[in-house]
Each structure stands twice: as C-alpha cells, then as structure tokens.
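One structure below.
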Amino acid sequence: MYFMSHKADDVRTLTNMFVEKPYYYNRFSKMWLGQGLLTGPGHIWKRNVKNLSATFAGSVIEGFQDIFNRQAAKLTANLKKEIGQPPFDPLHKYFAYATLETICQTALGVTPLSDSIVTPEYYHAFNRNLQLIVDRAFNIFTHPDFLYRLTPGYREMKKNCAILHNVSRTVIELRRKEYEEKKKKELTNEPDAIKSKFRPFLDIIMELSDTDPLLTDEQIRNEVDTVILGGQETSATTMLFTLLALGSNMDVQEKLYQEIKEIFGDSKRPVQKEDLARLKYCEAVIYESLRLFPPVPAAMRVIETDTELDGVTIPAGAMFVLNVLGAGRSFAAYGPDARKFRPERWLDGPPINPASFLAFSYGRRACIGKRYALTFLKTLLTHIIRDLKIHSCYEDLRLEFSISLRASHGNLITVEARS
Ligand code: HEM
C-alpha cells in the first residue's frame, strides 16, 4: 500500500518518525553502494549517521572552496567555447562531468595517481550504472535478485562496479598508508607538513574509523561512493534547470548579474567565504529552481508502526511517498503564482512552513549535502553569469519523471559573451 502526500503536517510527522526506506532502494544499489547512508537499511543508517554528519561540517566545506572555484573557472571556459554556436545540451556535454570531477576530488582527494580521477571509463561506468538502476526499478521481472542475475543488465552493472570500486579502493589503500605514516609521526612528535584546510571526506571518515571498528575499509568505500552518487546528478540537474530558468527570465538573470557585479565589480577573482554570505539573490535563484524542478521528485519511507493521520490509520508496512514536486508547486503553500519562477519569494526567508519545500527531503533522513550543494552551486553560477549571458526556450521544456527529474525536451541553451 502506498500513501502519497505533500501536506506539510503529514510530511513533518512521518519523516520525523520513520527512517526506513523501501527494501528495494538497497537491493537495486547494493552491488555499487553496499549499505551506504543514502540507500542503506534504517538500523545501519542510525548507527552511522551521527558520525558521518561530521564530514559535512561548515569548516570542511570551506576547505573545498578552492576546488569549487577551479572547477567553476574550467566549466565557464568550456561554456565560452559555445559562444556563437548552435543550441546545445549543457547537462551531458559539461555539467555531468564537471560535477562528477568535483565530487570525486572532494570525496577522495586529488591523488598523486592522477590529477583527475574521472577518466572516460569511470565516467561511462558511473552514468551507465545510474541508468541500469532506473531500468531495473521500472521492470518488475528484474526485481528479485535471482532473476536479475540472469540479465545482461546485471553483468554490465557488475563490470561497471568493478571499475568504480577499483578507483575508490586504490585511493583508500593509498590514503590508508599515508594516514598510518602520519599517525606514526605524530606519536614520535616529528613535525607534520603544513596543515591544509582541505580535508577530503575520505580522510575524515578514516579518522572516524580509529574509534569506530564498524567503519571497515569496505564500509568506508561504500560511504564515499554514496556521497559521490548523492551529490553528482543532483547538482548537475540543478545547474541545468537553473540555467534553463535564467535563460528564459532575463529580468531575473539581469538582477543576478547586478548582485554579482556589486560584490565583485569587474574582478574575476575566486569566490570566497565572505562573498557566499552576500550572494543572497543567487541563493534565492537556486532555491526557486529547486522548488520548481527538484532533481529528486519523490522520496519514500516505510511506515514502521500503525500511525493515525487525520483520523485515518495507515498500517505498518505501507509506503509513504513524499511528493516533492507537488509540494514545491502547491498553490496552498506558495500562493497563486506558485508556478512562476520568482526568486524574490525567498528573499524574506524560507516559506512559512519549511515542510512545504522538500527538494532536500525533510526530517531525519533529509539530505546531509545541502550546505555543500548550495556553496558549490553558488560558486558555479557566479563564475558563469559574470562572464556569460544564457538563453533558453523555457516554453519548450518537457519534464520526464523517472527516479530523478529530467528534461526530455527544451533542454538546450545558447551562450553569449557579456561585453
Ligand atoms: C541540489 C543538490 C541536492 C539535492 C536536490 C539533494 C537531494 C537529496 C534528497 C531528496 C535526499 C533524500 C533522498 C531520500 O529520502 O531517498 C538526499 C539525501 C542525501 N544526499 Fe543529497 N541532494 C543534493 C546534493 C547533495 C550533495 C552535494 C551531497 C554530497 C556531497 C549529497 C549527499 C546526500 C546523502 C549522503 C544523502 C543521504 C542522507 C541520509 O540518508 O542520511 N546530496 N539528497
């Protein structure tokens, strides 16, 4: 039995009470992610979440700013090559790669093995795995493991996982050696190299494993791969929808440009911590894009005990579907212009009821990468919009609803240099 709602009271109650996700979340992804935070069963999540939340602390994200700036500059330079060219799809041509490279660098660190972990083989394996999970979800005959193992999809997934795991495993082994050396040095009081502000997720989780024996190297790999999956497609899709919206709302784009100009003048300097706090309209643009185009349009929880809502008893075992897309477009929550792209509505703070904005989900199993995402996206948008004018054809936009929200039509942009 499925129960779908975006009523703020229902959302708040149920997402605070229950943390279990449907069993197939884990079944479809376990070859890749094991029992990582995003798809793992509730009891494993409860055991790990507190520790792992520490990896998303403000000071950790601040340490990623150089990487965000470097990636934003690279992405902008790539987009500049499109000036005067026909309309193109920025998601597949640029955003997917840029976000994957950024997340890999911040999750695993830049290793001496190679400056870029994301080889074409890795990129292909990652994207194919995302598609294979969707294909399995929509084909009920492949749901049981014993049937799935007979399919070409399973064989391909296995091959892709080997490629992806090989990268994270190699980096983990290398980092493990470095970490043990560092600990030895500390014991013998040898001076350490200059402490860097940049600490990849992997290093932090490795430190946690000193006091948590359940964080084995395999579990560490699962968590790191989970972070990469959780952050990559969501950030890339948000960039796509934000540029599509900006490209058809030139007044909004101009306001954003003016905000950037006020902060940076004519300088092309990197975005710094102090700038992020001042980029208020930019943040409103991102929230407005996420409200109308949430990359994860629905999320699910299992109702673990009989629960009464509005006089109706929802039995234990039923699924609660959070209607993320519906919540963001609700007239009751956002008023008669709910379908309009109007970032100004965020300038006075979040909606009256925070449980009516579900792009990062809500309650106990909400996204822990929200701060990372906002910082990264603000940096990308600043670099792009201060150099380029974006044009799109919003009226042609058609949405496709799979596990993630996609644009099946009207997803092309053109770029123009700012004079
Ligand atoms: C705009 C960008 C993002 C959006 C819209 C988004 C959205 C979400 C949503 C809706 C969930 C809950 C999924 C569910 O209940 O099934 C979630 C969970 C999660 N997200 Fe994000 N996310 C974003 C960026 C990121 C980033 C950048 C990272 C990491 C770097 C990340 C890591 C995670 C993790 C680890 C979880 C699982 C949390 C848990 O179960 O405790 N996300 N995200």
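Worth pointing out:
- Remark: segment 393-399, residue by residue, has Karplus-estimated 3J(HN,Hα) of 10, 4, 4, 7, 5, 10, 9 Hz, where x stands for each Gly or Pro and the curve is 6.51 cos²θ - 1.76 cosθ + 1.60 at θ = phi - 60°.
- A straight chain from residue 146 to residue 186 at 0.36 nm per residue would run longer than the Cα-Cα distance by 9.4 nm.
- Spatial separation of Cα centroids for segment 1-77 and segment 338-382, in angstrom: 15
- In the chain, the ratio of gyration radius to Kirkwood radius, Rg to Rh, stands at 0.96 when only Cα atoms are counted.
- Taking label points 7 Å from Cα along the Cα-to-Cβ direction, residue 83 and residue 46 give a separation of 5.8 nm.
- In a DSSP loop and with at most 12 other Cβ atoms within 10 Å, there are no chymotrypsin sites (Phe, Trp or Tyr not before Pro) in segment 187-282.
- Residue by residue, segment 215-221 carries 3J(HN,Hα) couplings of 7, 6, 4, 5, 5, 4, 4 Hz when phi is fed to the Karplus relation 6.51 cos²θ - 1.76 cosθ + 1.60 (θ = phi - 60°); x denotes Gly or Pro.
- Within the chain, DSSP assigns beta bridges of which about 85% are antiparallel (rounded to the nearest 5).
- Here segment 1-158 is described by how far its Cα atoms reach on the three principal axes: 52, 42, 37 Å, from widest to narrowest.
- CD proxy at 222 nm, helix term only [per DSSP H run n ≥ 4: -39500 (n - 2.57); per residue of the chain; nearest 500]: -17500 deg cm²/dmol
- Gyration tensor (alpha-carbon) shape descriptor, segment 297-337, a/c threshold 1.5: oblate
- Count Lys and Arg as plus one, Asp and Glu as minus one, and take only other residues whose Cβ is under 13 Å from that of residue 356; the net charge is then +3.
- Long-range amide H partners of residue 4 with built H, under 5 Å: 321
- For segment 156-261: rounded, prolate or oblate by the Cα gyration tensor [a/c cutoff 1.5]: oblate
- Phi-derived couplings, Karplus 6.51 cos²θ - 1.76 cosθ + 1.60 at θ = phi - 60°, listed residue by residue for segment 287-296: 4, 5, 5, 5, 5, 7, 10, x, x, 10 Hz, with x used for Gly and Pro.
Read the figures in this text as sums done on the coordinates, not as results from a lab. A quick note: this is a predicted structure, and the numbers were derived from the prediction, not measured. Because the Cβ atoms are built from the backbone with ideal geometry, glycine has one as well, and the counts that use them run over all protein chains shown.
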